[in-house]
Amino acid sequence: MKLLKSILDGVPNYTRFLQVREIDRVVRDIAELPGVEARVIGKTMFGEPITTLEIGHGPRTAVMIGVPHSDEPLGSLGSIYFARWLATHPEHEYLGWRWVIIPVLERDGMKLNEGWFNNHSTYSAMVKSYFR
């Protein structure tokens, strides 16, 4: 329980959602850390690479998908935080798992939604830039 509390206590106080290009930059930074392998596992309909971060080497594999749907950007923040935490705390042996983390699966749709991520000025403004 102490370890879980430690992980959760370290979550940054995010004040906005990141755009796909910003997440890509963070993913590249995380991929530079020891024990992390970044791999392109496919492409989107528009030809964008879908990247995974593979961390750890436990006997079991866990898959974490940050943005399974285009209008759920919160998962990208959680997945990049957890990937960085795993990579910077190898003393916990990756919690005994091999982690496959996909920070943004639905890249094309998420880009289409970026207009409302940080613009909640009016319901109308949000709806005009909403995509599902």
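Read-outs throughout are calculated quantities, based only on the coordinates presented, and are distinct from any laboratory measurement. Worth saying up front: this structure is predicted, and the values here are computed from it rather than measured. Cβ atoms come from the backbone with ideal geometry, glycine included; neighbour counts cover every protein chain shown.
Restricting segment 1-57 to trypsin sites (Lys or Arg not before Pro) that sit in a DSSP loop and have at most 16 other Cβ atoms within 10 Å of their own Cβ leaves ARG16.
Think of the chain as having a plus end and a minus end, set by charges on the Cβ of Lys, Arg, Asp and Glu; of GLY78, GLY109, VAL36, GLY109 sits farthest toward the positive end of this dipole. Pairs of Cα atoms nearer than 8 Å and 6+ residues apart set the relative contact order; for segment 14-128 it is 31 percent. What is the distance in Å between the Cα centres of segment 79-132 and segment 1-66? Using only Cα atoms, the two centres lie 9 Å from each other.
For chymotrypsin sites (Phe, Trp or Tyr not before Pro), the sites in segment 17-123 that DSSP calls loop and that have at most 14 other Cβ atoms within 10 Å are PHE46. Remark: spin-label model distance VAL40-TYR123 equals 4.3 nm, labels positioned 7 Å along the Cα→Cβ axis. Scan [x] 48, 34, 23; [y] 64, 35, 24; [z] 85, 36, 24 for the value of Cα extents along the principal axes in Å calculated from this model and give just the label. Entry [x].
Of all DSSP bridge pairs formed entirely within the chain, close to 60 percent run antiparallel. Only helices enter this figure: runs of n ≥ 4 DSSP H residues, each worth -39500 (n - 2.57), summed and divided by the residues of the chain, yield -11500 deg cm²/dmol at 222 nm to the nearest 500.
Only helices reaching 20 angstrom along their own axis (Cα) with mean Kyte-Doolittle hydropathy no lower than -0.5 count here, and for the DSSP H runs of the chain these are 74-88.
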